[in-house]
Amino acid sequence: MDALLKVEDLHVNFKTPFGMAKVLNGVSLYIKPQEIVSLVGETGCGKSITAKSILDVLPETSIISGKISLKDKDFLSIGKKERRTLIRSRIGYIPQNPMTSLNPVFTIGEVFFDLIKWHGKEIVPWRAYRKWKRHIKEERDIAIELLKKVHLPQPEDVLSKYPTQLSGGMRQRVLIAMSMIGNREFLIADEPTTALDVTIQKGIVELIKEKVEEERLSVLYITHNLGVAKYLSNRIYVMYAGDIVEFGPSESLLRNPLHPYTQGLLNSIPKLVKTGFSGIPGRLPSYITPPEGCRFSPRCPKSMEICNNIKPPLKEVEEGHFVRCHLYGKDN
Ligand code: SF4
């Protein structure tokens with residue numbers, strides 16, 4: 001089956017006062033229609049930069065190269081205006097922090113109406129609406145319908161509220177409803193439960209799963225929680241310091257993690273039945289002076305000489321299960 005979204009050899013650098021930060025180091029990934037794929041890795045490894053590259057919201061200081069295509073339409077080769085219209089009409093986005101993602105000076109209704117109006121112009125030109133009041137009524141009906149879909153009680157009431165008058169869980173439900181406006185095929189969820197209480201997280205994850213199945217969407221789900229990734233996804237990509245180091249079917253990758261970083265991530269999860277757990281010593285390398293070979297080499301317990309100089313290629317070790325490490329294949 002052809003991929004719906006394809007990212008090929010994506011490099012993202014940032015100009016800084018200290019030199020060029022080489023953050024994404026040739027990221028490639030694909031997502032098939034109606035597939036949920038997770039991108040996991042520790043904070044600062046480049047997950048959100050990947051999402052921002054797809055959404056075309058990187059800061060001005062960034063330099064991007066590679067290919068990002070949705071249904072074979074290469075975003076990076078078309079004009080900015082066409083690119084942004086295409087992205088905003090086809091890709092939904094659930095942000096990381098519901099506390100800061102809604103403008104506190106507008107009511108939920110005002111933001112909703114604005115978004116619905118923007119999406120509506122694709123189907124019905126603004127001039128075609130006969131009366132402004134009727135237009136607002138149509139938008140209100142759509143907004144109420146969407147809020148009902150995310151199980152928010154009294155949606156009419158929610159529309160008149162300011163973000164600060166809602167709880168964190170309610171705000172995240174509002175953002176999920178907003179991500180479903182229009183004719184979306186693809187959704188990016190960027191750690192949507194990170195800022196929420198653990199008791200609310202489960203409800204939000206269940207809601208995303210339910211909506212994705214109902215709307216038959218493809219999803220890139222960004223998380224550092226391997227349990228959530230396993231629960232939601234068909235496949236998992238593991239990212240370290242701007243490189244995809246391992247990817248494969250969720251079951252195969254978690255049953256048989258191959259890359260020392262993936263193994264370290266799994267060993268970092270505290271378990272209630274055990275007294276201890278090991279983490280990964282050290283920290284992410286500087287992106288201005290990253291290691292020349294494998295970017296994980298300064299922290300890797302199995303590092304060899306070749307690892308310091310040569311970036312390992314991706315190798316398929318099981319069907320559909322790839323790893324980027326000199327421990328596997330010919331180089332071993
Ligand atoms: Fe460790 Fe070398 Fe594999 Fe990198 S390539 S993960 S340093 S063994």
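The values are calculated or read from the model by the stated rules, or taken from the named source; none is laboratory data. None of the values given here were measured: they were computed from a predicted structure. Note: ideal-geometry Cβ built from the backbone for every residue, glycine included; neighbour counts use all protein chains shown. For the accessible areas, the whole protein counts, side chains as well, though only heavy atoms, and no ligand, DNA or RNA atoms are used. Shrake-Rupley method; radii C 1.70, N 1.55, O 1.52, S 1.80 Å.
Ordered from largest to smallest accessible area (heavy atoms of protein chains, 1.4 Å probe), the residues VAL198, VAL111 come out as VAL198, VAL111. When the surface is traced with a 1.4 Å probe over the full set of protein chains, SER297 keeps roughly 10 Å² accessible. For the set ARG235, ARG88, solvent exposure ranked by accessible area (probe 1.4 Å, protein chains only) runs largest to smallest as ARG88, ARG235.
Listed by chain and number, the aspartates and glutamates whose alpha-carbon sits under 13 Å from that of LYS311, ignoring those within fewer than 8 places in the same chain, are ASP243, GLU292, ASP331. In this structure, the residue pairs whose Cα-Cα separation is over 22 Å, taken from LYS6/LYS80; LYS22/LYS302; LYS47/LYS67, are LYS22/LYS302. Rolling a 1.4 Å probe across all protein chains gives GLU82 an accessible area of roughly 90 Å². Residues VAL105, VAL174, sorted by accessible area with the largest first, give VAL105, VAL174 [1.4 Å probe; ligands and nucleic acids excluded]. Ligands, DNA and RNA excluded, the heavy atoms of ILE306 present near 60 Å² of accessible surface to a 1.4 Å solvent probe. When the inverse distances between all different Cα atoms of segment 1-128 are averaged and flipped, the Kirkwood radius reads 16.8 angstrom. Of the listed pairs LYS149/LYS230; LYS71/LYS315; LYS148/LYS209; LYS117/LYS211; LYS149/LYS209; LYS149/LYS202, which have alpha-carbon separations greater than 19 Å here? The pairs that break the limit, which is 19 Å between Cα atoms, are LYS149/LYS230; LYS71/LYS315; LYS117/LYS211. With a cut-off of 15 Å between beta carbons, the residues surrounding GLY79 carry a summed charge of +3, where Lys and Arg count +1 and Asp and Glu -1.
When the Debye formula is applied to the Cα atoms of segment 38-96, each taken as the same point scatterer, what base-10 log of I(q)/I(0) results at q = 0.16, 0.28 Å⁻¹? Treating every Cα as an identical point scatterer, log10 I(q)/I(0) equals -0.55, -1.40.
In units of the rule-of-thumb radius 2.2 N^0.38 Å, the chain shows an alpha carbon radius of gyration of 1.07. Local charge for LEU10 was computed over the other residues whose Cβ lies under 13 Å away, with Lys and Arg +1 and Asp and Glu -1, and equals 0.
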